[in-house]
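Student: I'd like to ask you about the structure that follows.
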């Protein structure tokens with residue numbers, strides 16, 4: 001283990017020297033304020049050989065007279081044994097160290113890992129506190145964005161251009177405006193000119209209800225006779241029945257396709273229809289049938305455009321997995337569903353900004369078609385709803401959590 005001490009006038013310069021001298025894997029063992037600044041003790045690379053040497057230095061060093069006395073005492077008791085046959089305690093320790101499977105060594109390594117994690121956590125907190133002291137307005141906005149549910153990478157992107165001289169209210173307002181502007185949305189109503197659209201997404205995302213809302217929305221400005229509904233979902237019990245119910249309400253026929261050929265034939269027979277909406281089977285990201293379903297859409301003779309449903313009530317990781325999994329279908333836009341059931345909306349903002357997938361529609365309820373809106377006219381509403389959700393949160397965003405989330409970004413400032 002290589003250990004060094006660094007003396008600097010402030011924490012920022014000291015951290016820069018640590019990273020330059022010991023690299024990014026260095027851990028801080030101790031920090032101390034001095035009359036001239038700060039002193040940091042840092043270490044890197046656990047050296048097994050060095051540890052053995054340390055054990056060697058700890059061997060009992062008995063004077064020769066004491067050794068003779070001890071041997072005489074053992075002889076009198078009849079306990080003296082061959083040294084080679086019965087090693088001393090420190091010899092046993094050496095052999096244990098040489099054995100990687102030894103439980104004591106494994107425990108020692110685990111303890112060192114725990115110590116490293118603890119030290120990294122402390123360093124992250126020190127760096128975050130230093131950043132909060134230097135740029136309090138930026139860190140306040142980072143806290144707010146994190147409260148919205150926005151991921152750290154997007155938070156860093158949004159706060160990168162904050163004017164430190166701006167007022168508190170102005171900075172937060174401008175950041176929210178920037179968030180609104182960066183959410184990708186469709187400029188027009190995607191289905192207003194008709195076409196063939198397949199609504200895709202995982203189970204329970206609200207695909208069938210979204211199709212009913214799309215059909216009802218189109219029927220308000222056109223004719224229901226120009227609409228046809230098709231289902232390829234042969235897996236769920238009652239899947240067609242649900243779509244059939246919506247079709248009866250809208251006075252729109254419903255058809256079923258079991259494979260790529262039957263889908264092509266069905267679409268050929270419906271060529272006179274202006275708008276055809278296809279309800280697909282809901283599947284998880286790891287469902288082996290997903291590839292078959294996507295291949296069915298791709299193998300059809302007609303051009304089918306995909307609309308991806310993203311349920312807002314899922315965690316960010318699950319939303320990102322949905323976006324990544326269904327990207328194979330090349331969706332032209334997405335439909336944000338279940339916003340009325342969400343506790344945060346920052347995750348969906350992050351996923352949309354990362355993927356660049358434009359948002360076409362927002363659903364905030366079950367009513368058809370009332371709870372269905374164009375995303376272009378609802379961007380500000382969406383961000384405002386996210387802020388309101390943030391204010392209702394029961395658990396505050398702590399400094400420890402922020403330090404953990406933004407430690408890498410903060411440390412880069414010292415590089």
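To keep it simple, each residue is scored yes or no on (1) in a helix (DSSP H, G or I); (2) touching a residue at least 12 places away in the same chain (Cβ under 8 Å); (3) out of contact with any strand residue (DSSP E or B) (no Cβ under 9 Å at 6 or more places or on another chain).
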position	(1), (2), (3)
180	yes, yes, yes
190	no, yes, no
197	no, yes, no
205	no, yes, no
215	yes, yes, no
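Student: Run down 215, 239 and say which single residue is modelled with pLDDT under 90, surrounded by 19 or more Cβ atoms within 10 Å (Cβ to Cβ) and in the same structural domain as residue 372 (by TED's automatic domain parsing).
Tutor: Just a single option satisfies the conditions, and that option is 239.
Student: Taking the condition assigned to a strand (DSSP E or B) and in the same structural domain as residue 264 (by TED's automatic domain parsing), does residue 277 pass?
Tutor: Numbers: assigned to a strand (DSSP E or B): yes; in the same structural domain as residue 264 (by TED's automatic domain parsing): yes.
Judged against the criteria, residue 277 is a match.
Student: Out of 380, 355, report the one residue that is at pLDDT 90 or above and surrounded by fewer than 15 Cβ atoms within 10 Å (Cβ to Cβ). Break it down stepwise before answering.
Tutor: Numbers: 355 fails: surrounded by fewer than 15 Cβ atoms within 10 Å (Cβ to Cβ).
When all the criteria are applied, what remains is 380.
Student: Same structure, new question: Please determine, by comparing only the residues of the stretch 218-232 that are closer than 13 Å to residue 277 by Cα and not in a helix (DSSP H, G or I), which one is modelled with the lowest pLDDT.
Tutor: 232
Student: Continuing with this model, one more query. Can you name the residue in the stretch 1-23 that is assigned to a helix (DSSP H, G or I) and in contact with a strand residue (DSSP E or B) (Cβ under 6 Å, 6 or more places away or on another chain) and, of all such residues, is modelled with the lowest pLDDT? Show your work before the answer.
Tutor: So the first thing to find is which residues in the stretch 1-23 are assigned to a helix (DSSP H, G or I), and the list is 11-22.
Okay, now just the ones that are also in contact with a strand residue (DSSP E or B) (Cβ under 6 Å, 6 or more places away or on another chain), so 11, 14, 17-18, 22.
Details: 11: 74, 14: 78, 17: 82, 18: 79, 22: 79.
Among those that are assigned to a helix (DSSP H, G or I) and in contact with a strand residue (DSSP E or B) (Cβ under 6 Å, 6 or more places away or on another chain), it is 11.
Student: Can you name the residue in the stretch 159-182 that is loosely packed, with under 12 Cβ neighbours inside 10 Å and at pLDDT below 90 and is also farthest from residue 345 (Cα to Cα) among such residues?
Tutor: Taking the candidates together, the pick is 165.
Student: Can you tell me which residues in the stretch 251-269 are surrounded by fewer than 18 Cβ atoms within 10 Å (Cβ to Cβ) and under 20 Å from residue 219 (Cα atoms)?
Tutor: Scanning the stretch 251-269 gives 251, 253.
The values are calculated or read from the model by the stated rules, or taken from the named source; none is laboratory data. For clarity, every value in this text was computed on a predicted model and none was experimentally measured. Note: ideal-geometry Cβ built from the backbone for every residue, glycine included; neighbour counts use all protein chains shown.
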